[in-house]
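Notes to accompany the following structure.
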Amino acid sequence: MPCYECENGKWRFGETGECQYDSKETCETANKDYYAEETYNDYPQAATNNAKRAIKYKEENGSDCGTVVGWTRARQLANRESLTRRTIARMASFKRHQQHKDVPYDEGCGGIMWDAWGGDAGINWAIKKLEQIDKENSVKQEFESFFKDIIKNIKKKK
């Protein structure tokens, strides 16, 4: 729901908001929570434990495995940080590496990086969570579109 300019030069939040803001920037700042990206931290404890195990192994034994992104994800999961949809989508896409998950930490990178990304628990949660988020967003968009149409029809009748 963006800010719109009113006929009087002021700005309003949304189609039906009050024309009360002096600039678009003021309108957006006043409604910044709308623009904030939603985050989620309801992933399973097992995902956190998997990430902690991978980090501990790397700290104690060293490892050249993975990327900065992978180890950042491990720290996020280990610290139970909230994740954005974008991050959850990256976790879900890590499933493509599943065929290497059983490689022992000391024999290659597959197992340690699988766990760094949350292991089975984290990846499966991410896949389901992404579907849930996208379904909810689809319903929200349909709802907003429905009410925009109603408002347009009301305005036409005036």
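Looking across the range 93-146 at every residue that is under 20 Å from R53 (Cα atoms) and among the aliphatic types (A, V, I, L, M), the one that is surrounded by the most Cβ atoms within 10 Å (Cβ to Cβ) is identified as A116. Of all residues in the range 110-122, those that are over 16 Å from C65 (Cβ atoms) and assigned by TED's automatic domain parsing to the domain that holds A51 have Cβ atoms under 7 Å from Cβ atoms of residues that are crowded, with 22+ Cβ neighbours inside 10 Å and of a type in the set (A, V, I, L, M), 6 or more apart or on another chain, in A121/A47; G122/A47; G122/L77; G122/M91. Condition check for Q45 on (1) surrounded by 11 or more Cβ atoms within 10 Å (Cβ to Cβ); (2) touching a helix residue (DSSP H, G or I) at 6+ places or on another chain (Cβ under 9 Å); (3) of a type outside the set (G, A, S): one failure, at (1). Tell me whether the range 18-38 contains one or more residues that are under 28 Å from Q132 (Cα atoms), part of a helix (DSSP H, G or I), assigned by TED's automatic domain parsing to the domain that holds I127 and in contact with a Cys (Cβ under 8 Å, 6 or more places away or on another chain). No: zero hits. Regarding L83, is this residue modelled with pLDDT under 95, among the aliphatic types (A, V, I, L, M) and out of contact with any Asp or Glu (no Cβ under 7 Å at 6 or more places or on another chain)? Yes: the conditions hold for L83. Taking the conditions exactly as written (at pLDDT 95 or above, at negative phi, outside the structural domain of G14 (by TED's automatic domain parsing) and in contact with a Pro (Cβ under 7 Å, 6 or more places away or on another chain)), does A74 satisfy them or not? It is false that A74 is at pLDDT 95 or above, at negative phi, outside the structural domain of G14 (by TED's automatic domain parsing) and in contact with a Pro (Cβ under 7 Å, 6 or more places away or on another chain). Sub-8 Å Cβ pairs linking a first residue in the range 64-76 that is part of a loop (DSSP other than H, G, I, E, B) to a second residue that is surrounded by fewer than 14 Cβ atoms within 10 Å (Cβ to Cβ), at least 6 apart or interchain, are C65/G108, ordered by first then second residue.
Here Y40 clears all of (1) under 18 Å from the mean Cα position of the chain (by Cα); (2) free of Cβ contacts under 8 Å to residues at least 60 places away in the same chain except the condition numbered (2).
The values are calculated or read from the model by the stated rules, or taken from the named source; none is laboratory data. On a predicted model such as this, the values are computed, not experimentally measured, just so you know. Ideal geometry is used to build each Cβ from the backbone, glycine not excepted, and the neighbour counts take in all protein chains shown.
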